[in-house]
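Have a look at the structure below before the remarks.
The values are calculated or read from the model by the stated rules, or taken from the named source; none is laboratory data. All values reported here derive from a predicted model rather than from experimental measurement. Here the Cβ is made from the backbone with ideal geometry for all residues, glycine too, and neighbour counts use every protein chain on show.
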Amino acid sequence: MSHHIVEAQNLHYVYPDGTAGLQGVSFRITHGESVAVVGANGAGKSTLLMHLNGCLSPAQGTVRIGDFPLIKTTLKAVRRTVGMVFQNPDDQLFMPTVFDDVAFGPLNIGLPEEEVEQRVTQALETVGAGALRDRPPYRLSKGEKRSVAIASVLSMSPDILVMDEPSADLDPQARRRLIELLKTFKHTKIIATHDLDLALDVCERTLVLSRGRICADGATAELFRNDELLSQSALERPLRMQNCPVCR
């Protein structure tokens, strides 16, 4: 199961304007772990995730996905292993119809049309978007676009699922459907989110980022009870871990 392992060693990244995005980030995530990445805006969450499938390259340090160091010659193999759901679904949807977007990956790796059809249908039904298959993506709501973007990744059957703010723009029913879906995904999951209740539901482990550094790494429920840590990271307890103001 080594192909499901994600490991970063001493990652540094500097934006073109000279701002430090990551400053010495290291961690190891093993097969089947569900890991949340939380922190304030600008903490480095999206920057970190974009290093995990080669969208960004570190100024210093290394990323390994399973047995592969993430370098130019292994990029294609890594991207077949790591399914990435971007923060903005418009970065992921570019084809004339929803069906075409979800089918793009499977077709690109040479799967037969019958299997592609099955994968697309299953992925869209899984996220509750089966009725959207013939719609143009630009005519969808933000929540619908996000559901389709998730389906476009699921259709590739990735071993590792990396998601950036997956619950943003989803209505409550779609958000609950997403949480139940993520619970059924038995492989490795890495989820950057401001939705700490979702993190508590789905992820047993959490990395807390602050100014491009990991300031805490541990059991999700334990970290979310640490009010000092949360306050220093510009976070608050998940709603269901807060005292009810009416009961008080």
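Key figures
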| item | result |
| --- | --- |
| Flag for Leu209 being among the hydrophobic types (A, V, I, L, M, F, W, C) and either in a helix (DSSP H, G or I) or without any contact (Cβ under 8 Å) to a residue 40 or more places away in the chain (or both) | no |
| Boolean, Lys189 is free of Cβ contacts under 8 Å to residues at least 24 places away in the same chain and not hydrophobic (A, V, I, L, M, F, W, C) | no |
| In segment 29-57, residue surrounded by the most Cβ atoms within 10 Å (Cβ to Cβ) [restricted to those that are under 25 Å from Lys186 (Cβ atoms) and of a type in the set (Ser, Thr, Tyr)] | Ser34 |
| Answer residue from segment 117-154, given it is hydroxyl-bearing (Ser, Thr, Tyr) and out of contact with any strand residue (DSSP E or B) (no Cβ under 9 Å at 6 or more places or on another chain) and is nearest to Thr47 (Cα to Cα) among those | Ser147 |
| Single match in Leu154, Leu181 (criterion: more than 11 Å from the chain's Cα centre (by Cα), crowded, with 22+ Cβ neighbours inside 10 Å and among the aliphatic types (A, V, I, L, M)) | Leu154 |
| Pair list, Cβ under 7 Å, 6 or more apart: segment 161-172 residue without any contact (Cβ under 8 Å) to a residue 60 or more places away in the chain, other residue assigned to a loop (DSSP other than H, G, I, E, B) | Ser167/Thr193; Ser167/Asp195 |
| Residues that are within 16 Å of the chain's Cα centre (by Cα) and at positive phi, drawn from segment 28-58 | Gly32, Gly39, Gly44, Gly54 |
| Failed criterion for Ala199 (all others in (1) assigned to a strand (DSSP E or B); (2) touching a strand residue (DSSP E or B) at 6+ places or on another chain (Cβ under 6 Å) hold) | (1) |
| Flag if Leu182 is of a type in the set (A, V, I, L, M) and either farther than 28 Å from His4 by Cβ or not in a helix (DSSP H, G or I) (or both) | no |
| Residues of segment 120-133 that turn out to be buried (at least 22 other Cβ atoms within 10 Å of the Cβ) and in a loop (DSSP other than H, G, I, E, B), as a count | 2 |
| Any hit, segment 207-215, residues being at positive phi and in contact with a helix residue (DSSP H, G or I) (Cβ under 8 Å, 6 or more places away or on another chain) | yes |
| Which numbered condition Ile190 misses (of (1) among the β-branched types (Val, Ile, Thr); (2) in contact with a strand residue (DSSP E or B) (Cβ under 8 Å, 6 or more places away or on another chain); (3) at pLDDT below 95) | (3) |
